[in-house]
Structure formats: C-alpha cells, structure tokens
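What follows is one structure encoded as structure tokens, with my remarks underneath.
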Amino acid sequence: MKKVLICATLSLAPLGAPAELAGQETGDRTAEFVGHWMGSLDVGALQLRMRLDVTESDGVLSAVFVSLDQGNASVPVESVSVSGTTISVSMPAAGASFEGTLAEDGARIDGSFVQMGTSLPLVLDRVTEEEAEGRRPQDPVEPFPYMSEEVAYPNPVGGHTLAGTFTRPAEGGPFPAVILISGSGPQDRDESLMGHRPFLVLSDHLTRSGIAVLRYDDRGVGGSAGDFAAATSRDFASDALAGVAYLKTRHDVDAGAIGLAGHSEGGIIAPMVAVESEDVAYIVLMAGTGVTGERILYAQGALVARAGGASEEAIADNQALQRAMFEALKSEPDPERAGEAIGELVRNALEAATPEERARSGVTDDASMEAVVAAQAQQLNTPWFRYFLTHDPAEVIEQVTVPVLAINGENDLQVPYEENLREIEAALQRGGNDRYEVHALPGLNHLFQHSETGAPSEYGAIDETWSVDVMELIAGWILRVVER
C-alpha cells in the first residue's frame, strides 16, 4: 500500500484586518466567555497559534478570532453564540468553524476547529491582556533611540507603490544602508511568522549599530499596492530595485553604501538586483539558495518529514509524487491542463492511501477529497512556483561582483546548508569574485534561532527571534565592507 505525505495546509484565507464577529444573544453564561483565549492548532509540520478575543455589551457577545502566526490576521467571522457551557463560532468565508466547551474552572475551552472538512482539536486557555499581545522577548519597545519613519515610494516597472519603514541613527550621517528582502509567501515589512517579527528585530539591531535600514511590505501586502499572486521572484526583484532608487534620493543615506540582505527567497532576489544595478554595494544572503527550487523542495521535503517521524518508505513515495507533479508543470505550459494533471496525480495518491493516511491529509469524504486535490493543484500551479522550480540562482550569483556574505544555520531543514553554501561559494569562485565570506552556523535553524532539530514546528515554540551573534556578524561585516 502506498503511503503518502500529502498534508492539507490549513488555510485561514481570506485574511485581512481584524473583523469583529456579529453579536448574538447568549443568555446568562455570557460573562464566563469574556476575555482572551489562546491555543495552538497542530497542522502537521507547523503549530499555528490562535487567539479568540471575546467581549460583551448588553448581553451580546462580540469577538475576534486571530491567527497569530499568520501575521496576526483575523479569520472573517459571521456569528458567535453560547448554549450552556458551549461556545460556537461560525466563519463561513474561510469555510471554518469553532465549537468548544468551557471547563469547570472557567480557565479553558476544549474544542475543535473545523475547516474544509478537516477537524483539528483546539484547546484555548484563558490569558491576560499582556499575554494575548504575544510579544517576543527580542521585540523592540518604543521609544527607540533612533529615527523611525513610515515611507512610500513607487515601483515604475510594476506600476504600484510600496510602503515600508525606514530607520536610521538619530545623529550623524549620511549612513550606510541596507534593504531587507523577505522570504517566500506574502510577507509584511517585519516578515511576521510564528509569532516572531524577524525583520523588526534585525532592523533594530542594525540601526543601533549605525546602519540605516529599509524594510517594506511585499506587493499586495499591508500598505503596499500591486498583485502578489501574479508575481515571480523576478518581479519581486523590481520591488527591491525600487527601494534602492528610493534610498538614493535621501540625503541621510550614503548612496555609495547601499546594500541588500535577503532571507530565504530574498537570498535569490538579492543577487538578481546586484547584477542589474550598479548602485548595490554589497549583498547578504541569509539562508539563500544555491540550487534550483526543485532540488530545494526534494531535500526540504525529506528533511522536514524525517524530523516529523515519517518512514523512509513514505518519504520515498512522497518524493516520487513530487517528481511526477513537477514534471507535469515543466512539460505542460497551459495552466489549466497542468492543474488537471497535478490534481489527478494527487487524487490517485490519496485513493491509494489508507483511510488513516487520508484522514491525516484532511480527507474524510468526497467533498474534502476534492478540496484537498484542488488546494494542492492551486498551490503548485502558479507563476511564482513555476519560476522557482527551474530558476538556478548559481547562474546569477556567478555574475555578482560586489562583496557577498552568505550564512546558513546547520539546523536549517528548509534550505540545507551544506549543498547550498557549497554551490554559492563555487558560483562566486567561477565568477572570479574573491570578496566574500561563507559561514555555516551550528545549532541554528532557518530563522537563525538556536534550535534542537530545526523542524518548522519548533519556530513558534522558541522565544528567541534571532541569534544575537548572527545579527552582530551581519552588522560587523556590513560596516567593514562599506568602510573599505
């Protein structure tokens, strides 16, 4: 019997600004549910922290359901009601609902979060308002000892405006500057994920070290305009270029000392921009890739699955399914036909799986089967994924002539350090660039946190957002490079 590792991604889309639930009459149990509640959804490789905020006015409940690890985004909700000790929350726009029972001591709600036919246990504990904010220990707290300014600037290539935050030391200047480029998926300027705000923490450290920093919302995210879904890494490079052009207009920035620091996919984008623009003085590749997306995904899938306890047989079977799906994408340029081919591959794999395996993938009936098939096909059959699958970053890195700092955590399961750092260094050497440093950092994961295994499921459980040693390494290297 074939064993598959197809895991239904719990999508809380559509996501947006916090939305209040429609109030419902609740009887005399209303007060027991008022307050802040937090818990975690186990969605396989990840733990998604959820918060339910319940308020009451004249016997009517209102609430906000928030996914802390998806940019503090709220799940659109239609109604909330209470019957005895049971609370029910309806979120039809996201195809989701929550129902839970209040514990006798009033400190816990034991319930289930259901979405697209998949039911996951969700236990919510009562927390204080301070705990509900979910601030991590390294999150900087105002007032800052430096200047922080909200900015906006155009991308003439994309025809949209980008919004971000510019920080610089309070006195002196002009300052060397760096633009932070986020990883894959729609990211805000802080690169918010798993309750962490890595770019906020990094920008704070770099600015305190004497470096101006520009971090920005991805196109179509937060305050930035544009269409994220239609863009590829190549398109995102034009957004970073727009940031370079903007910094050149500022009198408090040293126009000859503007660099880029890209994390994950940002490490693919930074070399593109450095090759295209003579205004880029240096680049920092933070868990950047040196091989094609296809090679990354095979390695990443095996490492993450193995860390989650999957058998070698299941890993091999899943990789065979990946190869078949990727081949369908590469051989069929028509999106509709490619989607049909991928859907058929996923459906066949699920039909060959055991009922237990299907349930773990979110399949409990015909409707959920089709929902999972459609979700898998939609995730892969996009312009971004097609580009990422075949793009070889080494070919671009070979053309980079400015100084390069390439760093990777040795516990990184998403961008394995040995192969990628080796290929990055080899590309630089082929291009004749000897102004580089490469560092493999023991014990650090993809987010540069100290970790046990490096599994993505650990990200949210670790209080540390960034290793201080790594931030000092980046800051020190930038200051040495721009002083030459």
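The values are calculated or read from the model by the stated rules, or taken from the named source; none is laboratory data. This is a predicted model, so every value here is computed, not measured. As a convention, Cβ positions derive from the backbone with ideal geometry for all residues, glycine included, and neighbour counts pool all protein chains shown. What goes into the accessible areas is simple: the full protein's heavy atoms, side chains included, and nothing from ligands, DNA or RNA. Shrake-Rupley method; radii C 1.70, N 1.55, O 1.52, S 1.80 Å.
So the values come out like this:
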{"quantity": "Portion, in percent, of the accessible area of the chain that falls on carbon or sulfur, probe 1.4 Å", "calculated": "50 percent"}
{"quantity": "Sites ARG306 and ALA255, calculated FRET efficiency, Cβ-Cβ separation with R0 41 Å, nearest 0.05", "calculated": "0.30"}
{"quantity": "Rounded accessible area of ARG347 (nearest 10 Å², 1.4 Å probe)", "calculated": "50 Å²"}
{"quantity": "Structure-based [θ]222 nm, the chain - -39500 (n - 2.57) summed over DSSP H runs of at least 4, per residue, nearest 500", "calculated": "-10500 deg cm²/dmol"}
{"quantity": "Size-normalised alpha-carbon gyration radius of the stretch 252-292, reference 2.2 N^0.38 Å", "calculated": "1.18"}
{"quantity": "Estimated inter-spin distance, ASP105 and ASP42, nm [label 7 Å along Cα→Cβ]", "calculated": "2.2 nm"}
{"quantity": "Local electrostatic count at VAL157 - Lys and Arg +1, Asp and Glu -1, tallied over other residues with Cβ under 9 Å", "calculated": "-2"}
{"quantity": "Cβ-Cβ FRET estimate between ALA352 and ALA230, R0 fixed at 51 Å, reported to 0.05", "calculated": "0.90"}
{"quantity": "Sites GLU410 and ASP434 - FRET efficiency at Förster radius 30 Å, r taken between beta-carbons, to 0.05", "calculated": "0.75"}
{"quantity": "Label-to-label distance, nm, for residues given as THR401 and ARG422 (7 Å Cα→Cβ offset)", "calculated": "3.0 nm"}
{"quantity": "Simple spin-label estimate for ASP139 and GLU370 in nanometres, 7 Å along Cα-Cβ", "calculated": "4.2 nm"}
{"quantity": "Relative packing of peptides 400-408, 31-39 - highest average C-beta neighbours within 10 Å first", "calculated": "400-408, 31-39"}
{"quantity": "Rounded Å value of the spacing that divides the Cα centres of the stretch 76-154 and the stretch 429-484", "calculated": "32 Å"}
{"quantity": "Net charge of Cβ neighbours under 14 Å - reference GLU418; Lys, Arg +1; Asp, Glu -1", "calculated": "-3"}
{"quantity": "Accessible surface, the stretch 36-113, averaged per residue in Å² (probe 1.4 Å)", "calculated": "37 Å²"}
{"quantity": "Three semi-axes of the equivalent ellipsoid, the chain, Cα gyration tensor, whole Å, largest first", "calculated": "38, 30, 20"}
